[in-house]
Amino acid sequence: MTVFIIRRLLQSVLVVVAMTLIVFFGVNVIGNPVDILINPDCDKICYAAAMKALGLDLPIHEQYFIFVKNVLQGDLGRSFILGIPAIKLIVSRLPATIELAGMAMTMTLVFGIPLGLWAGLRPNSTSGRMIMGFSILGFSLPTFWVGLMMIMVFSVELGWLPPTGRGDTVTVLGLPFSFLTLDGLSHMILPATNLALFHIALVTRLTRSGVRETMLMDFVKFARAKGVSSTRVIFVHVLKNILIPIVTVLGLELGGLLAFAVVTESIFAWPGMGKLLIESITLLDRPVIVGYLMLIVFMFVAINLAVDILYSALDPRVRVQGSSR
Amino acid sequence: MSQSVEPAPVALAVERARPPMSPFRRFLSDYAEDRVAVAAFVVFTIILALAMLAPLISPTNPYDLRSLSILDNRQPPGAQSMRGITFWLGSDGLGRDMVSAILYGLRTSLFVGVLSGIAALCLGMAIGLASAYFGGRFDSLVMRLVDLQLSFPSILIALMLLAILGQGVDKVILALVMVQWAYYARAVRGSALVERRREYIEAAQCLALSHWSILFRHLLPNCMPPLIVIGTLQIAHSIALEATLSFLGLGLPPTEPSLGLLISNGFNYLLSGHYWISTYPGIALLVTIFSVNLMGDRLRDVLNPRLQK
């Protein structure tokens, strides 16, 4: 087990290092940010001074070493546009994204598993078929278009929910949260539903196929023969057995939620990290782009590592396969 | 004397064995058993034809700036333009006819989606086949890379690449290929590993055929069915991904508007109630993606050897 964890840890470190290289060298190929930042009247001397001030006059490998040194010290450079440290800017947007992703994950669990159970226990009923039909739609509909249609229906036509922003927030432990106020919650419903839709469809399908397979197993027949009530069979015996794959997929999907938040945040003007990324790309704000990409890669690697370790703790077969290689 | 009565010959209803169906005919008839899948195929063919014939059939050329009049902007569906053309689906913020814009947008979206799908198929196929055939260190290196890439969501990788590469049709196609090759590589490798142990490959090796000819003339044709299925579903995926990226302003440049960009333009007018600018391109996108997905689902059932009758 320890060997397995160390192996995976080393792999993860390797991935992060490779990503710093790719991201840093990649981003340096984009157009020179000085061109859009400085005054058009600026002459050569002033131009060179601007280059020097941003450290862009050094050879690229030196820029990289400085970058790595700074990253290790927790410094990703200052935003070219706002002049404040990039990492500070990103971290200030992090709670909004985490809150949105957390809400979407909750909705996924609350809707996905019961719908999947229902469809799995009554695969041929009209309701079961309808649930599956909706899940195919959930897969096919492009997230961003659904978001627009939601705004159109619920904000413009019906006027029930606000289309943009975060609403009132309550500060808990120094971080602002929306879900604690009624206004904040009403701002959250549309974006969180939009973000969760794909994942609800996914979890519904997973649960359904899990239930259908498990219901045919001998232990279910045995439990029934023993006289266990159907409720207990479904919620204790069956659910316990299908939860392992669902938990694994959900762990991995947490990363997916963070990535797709880029789209949802842009539509609903939710002030999270994803919106910051898109703004920074349009403004060529290099340190922020690099910082965002580094942070998201790091979060991903950490999530994958945690899921792998959890999974190997739950299922011994994975561990054996991993260490025999 | 006994009379021998010859039994009258009874005309037997001779049922001739039908000639064996060619694999392609059998495939067609299997596919046609599902009405929905046939409908999806018909719809997709119509969309493809509309997209290809866009310059011939669209009422106006939406990118001919001279024919645009700013007075025509944001007309509701069914309105008359200054030049007497009816805007059946309304007009956008610059006074362009939405029908024409959608036809041209479909053209761009399909072009990018299909081309990147095919390019990714070729790249992934070559890498996956080589990986399965040669095995060893090359194989494990490629598979680690595939695992690594598939552990990130495709939108994130595409965003990362486009943040690095910048805008442009070629760059979007490149990003979409980079995002998708891994799916094909893994699928091809899986089926090639099974096929590789079959006798016909051994026979080909005994004939001292070149690696090249064994790989592409013997191994590849037998790995095709799963590839066709994944290819179809991936094309739907890449059309959706391109639309998303263009919507975010990172995909195609405004000079080559795809459906995603049209939707994005309409987004600015959505809050003031001009719903048609976003809605109709979105429906075109949705119908395209949905029909391709339905076709892919049916192909999966038809080409799955385990379900073969």
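Relative to one another, the C-alpha centroids of region A:1-21 and region B:124-170 are positioned 19 Å apart. Relative to the dominant Cα principal axis of chain A, helix A:2-27 is inclined by about 40°.
How much accessible area per residue does region A:94-271 have, counting only protein heavy atoms and a probe of 1.4 Å, in square angstrom?
Numbers: 8120 Å² over 178 residues.
It amounts to 46 Å² per residue over region A:94-271.
With K and R counted +1 and D and E -1, the other residues having a Cβ less than 14 Å from that of A:L252 yield a net charge of -3. Split the accessible area of the protein assembly as shown by element, probe 1.4 Å, and carbon with sulfur accounts for 66%.
For region B:41-58, backbone phi angles converted through the Karplus equation (6.51, -1.76, 1.60; θ = phi - 60°) give residue-by-residue couplings of 5, 4, 4, 5, 4, 4, 4, 4, 5, 4, 5, 6, 8, 3, x, 7, 9, 6 Hz, Gly and Pro being listed as x. Heavy-atom accessible area buried between chains A and B is around 3200 Å² (1.4 Å probe, both sides summed). In a reduced charge model with +1 at each Lys and Arg Cβ and -1 at each Asp and Glu Cβ, chain B shows a dipole moment near 380 debye about its Cα centre. The loop-placed chymotrypsin sites (Phe, Trp or Tyr not before Pro) in region B:160-192, going by DSSP, include none that has at most 16 neighbouring Cβ atoms within 10 Å of its Cβ.
A full extension of the chain between A:A302 and A:K226 corresponds to an added length of 22.9 nm, given 0.36 nm per residue minus the alpha carbon distance. For A:K275, a cut-off of 29 angstrom between C-alpha atoms picks up these lysines, skipping any fewer than 8 places away in its own chain: A:K69, A:K88, B:K171.
The values are calculated or read from the model by the stated rules, or taken from the named source; none is laboratory data. Keep in mind that this is a model prediction, so the values were computed, not measured. Here Cβ is always computed from backbone atoms with ideal geometry, including for glycine, and neighbour counts include all displayed protein chains. Each accessible area value is taken on the protein alone, full model and side chains, heavy atoms only, with ligands, DNA and RNA left out. Shrake-Rupley method; radii C 1.70, N 1.55, O 1.52, S 1.80 Å.
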